[in-house]
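One structure below.
The values are calculated or read from the model by the stated rules, or taken from the named source; none is laboratory data. It should be emphasised that the depicted structure is a prediction, and the values quoted were computed from it without experimental measurement. Cβ coordinates were reconstructed from backbone atoms using ideal geometry, including for glycine residues, and neighbour counts include every protein chain displayed. In case anyone asks, the SASA skips ligands and DNA or RNA and just uses the protein heavy atoms, side chains included. Shrake-Rupley method; radii C 1.70, N 1.55, O 1.52, S 1.80 Å.
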Amino acid sequence: MLPEGADTVVIQEVSARDGDRVTFSTAGAPGRHVRRRGRDFSEGDVLLRRGRPLTIRDLALAAAMNHASVPAYRRPRVALVATGDELVAPGADPGPGQIVHSNGFMLAALARREGAEVLDLGIVPDRLDETVAAIRRARAAAVDVLVTTGGASVGDYDMVQDALTAEGMALAFWKVAMRPGKPLMSGRLGPVHVLGLPGNPVSSFVGAVLFLVPLLRRLQGRDDVTLAVEPAVAARDLKPNDERADHLRATLSVDPEGRLVATPVGDQDSSLLAPLGLADALLVREPHAAAVPAGGLCRVIRLPA
Ligand SMILES: Nc1nc2c(c(=O)[nH]1)N[C@H]1C(S)=C(S)[C@@H](COP(=O)(O)OP(=O)(O)OC[C@H]3O[C@@H](n4cnc5c(N)ncnc54)[C@H](O)[C@@H]3O)O[C@H]1N2
Ligand code: MOO
């Protein structure tokens with residue numbers, strides 16, 4: 001606070017005191033070294049809007065604005081269940097017909113990145129009783145979301161939906177006109193949102209990006225619910241599409257004119273994690289999209305790191 005009538009501060013380094021007299025070696029400009037009231041914020045300013053996560057800096061700002069508490073959503077809790085007799089944990093020595101479990105690690109990291117707490121219930125064999133037991137564990141833990149992987153299709157050992165139905169799930173939808181990820185399933189088990197993802201790792205990942213991320217964001221009251229879709233230039237010819245929306249794994253670069261360029265990776269099979277690891281984006285093709293020549297426009301969703 002400045003004394004009444006003063007409007008400028010002169011620092012002591014350029015001041016000399018002689019009793020009650022002060023002389024300055026440099027003239028102070030009016031208003032120098034004064035921070036005016038309301039320069040940072042004023043009464044009634046709205047600086048923290050709903051619909052986005054509070055950053056570290058937001059917390060300092062909220063405190064500085066004298067808020068002892070702020071209304072916020074709690075982190076959603078997500079249970080993960082991987083189904084499949086063939087699955088073994090990483091580090092095991094897989095025998096014939098065995099597959100190393102990878103989906104859970106990707107899903108756990110994605111869910112945490114989206115603000116969730118994760119309860120990983122691990123691998124469950126393709127048996128109705130074991131699948132039901134895992135669903136009950138998830139419910140007993142009072143999770144908000146249950147994500148299953150595998151056993152989502154129409155095979156004799158695809159019993160995730162049977163187990164969920166036996167436990168009282170209200171099915172919202174099953175099978176989506178998309179590639180990869182067609183056998184994706186969604187429903188409600190009382191308060192628990194259920195997302196059944198296909199077992200193929202890329203199908204699981206794409207399903208999680210397109211359905212789990214928006215669900216978690218919605219549960220946290222965010223207003224950026226879906227990942228942004230951006231225009232890009234296709235580096236290769238794109239074939240006309242069939243009835244399923246396609247999500248091609250693609251790398252991104254910027255051409256000399258500053259345009260975003262998307263190059264689909266060579267092998268788009270939904271079991272392949274190495275090309276997925278190289279990709280920066282999903283190149284989205286609408287159902288029945290016409291062919292696009294190299295250099296034509298396409299749309300991409302950037303992938304979370
Ligand atoms: N008759 C039909 N068969 C299939 C159809 C169809 O429409 N009609 N759809 C195909 C599509 S598309 C997909 S995708 C798969 C997905 O089916 P499931 O969810 O039942 O997948 P699984 O058989 O359990 O697994 C497929 C594949 O992925 C491997 N896998 C499973 N879990 C994991 C994991 N946690 N980590 C790594 N890899 C995993 C699994 O071993 C299989 O190789 O259905 C098609 N069939
Ligand atoms: O949709 Mo499946 O996900 O193509 O392999």
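Remarks
- Compactness of region 77-219, expressed as Rg and Dmax over alpha-carbon positions, Å: 13.8, 42
- Under the simplified labelling scheme, the Ser271-Ala141 pair shows an inter-label distance of 2.9 nm, with each label point 7 Å from Cα along Cα→Cβ.
- Cα gyration tensor shape for region 230-302, rounded if a/c is under 1.5, else prolate or oblate: oblate
- Considering only Val233, Val132, Gly28, the residue lying farthest towards the positive end of the dipole of the chain is Gly28, judged by Cα position with unit charges set on Cβ.
- Placing Val194, Val46 in order of accessible area, with the largest value first and a 1.4 Å probe, yields Val46, Val194.
- Percent of Cα-Cα distances greater than 17 Å, calculated over region 1-109: 76
- Bins of 10 Å from zero: percent of alpha-carbon pairs in region 187-245: 17, 35, 34, 12, 2
- The angle separating the long axis of helix 103-113 from the principal Cα axis of greatest extent in the chain is about 20 degrees.
- Calculated FRET efficiency, Tyr157 to Asp280, Cβ-Cβ distance, R0 = 35 Å: about 0.50 to the nearest 0.05.
- Bridges between two residues of region 77-219, per DSSP, are antiparallel at a rate of about 35%.
- Accessible area of Arg75 (1.4 Å probe, protein heavy atoms only, ligands and nucleic acids ignored): about 130 Å².
- Cut-off of 10 Å, at most 15 other beta carbons, DSSP loop: longest stretch of the chain lacking such GluC sites (Glu not before Pro): 44-242
- Estimated from the Cβ-Cβ distance and a Förster radius of 51 angstrom, the FRET efficiency linking Leu47 and Arg21 is about 0.70.
- Residue-normalised accessible area of the chain, given per residue in Å² at a 1.4 Å probe: 58
- Along principal axes, Cα extents of the chain, largest first, whole Å: 98, 53, 39
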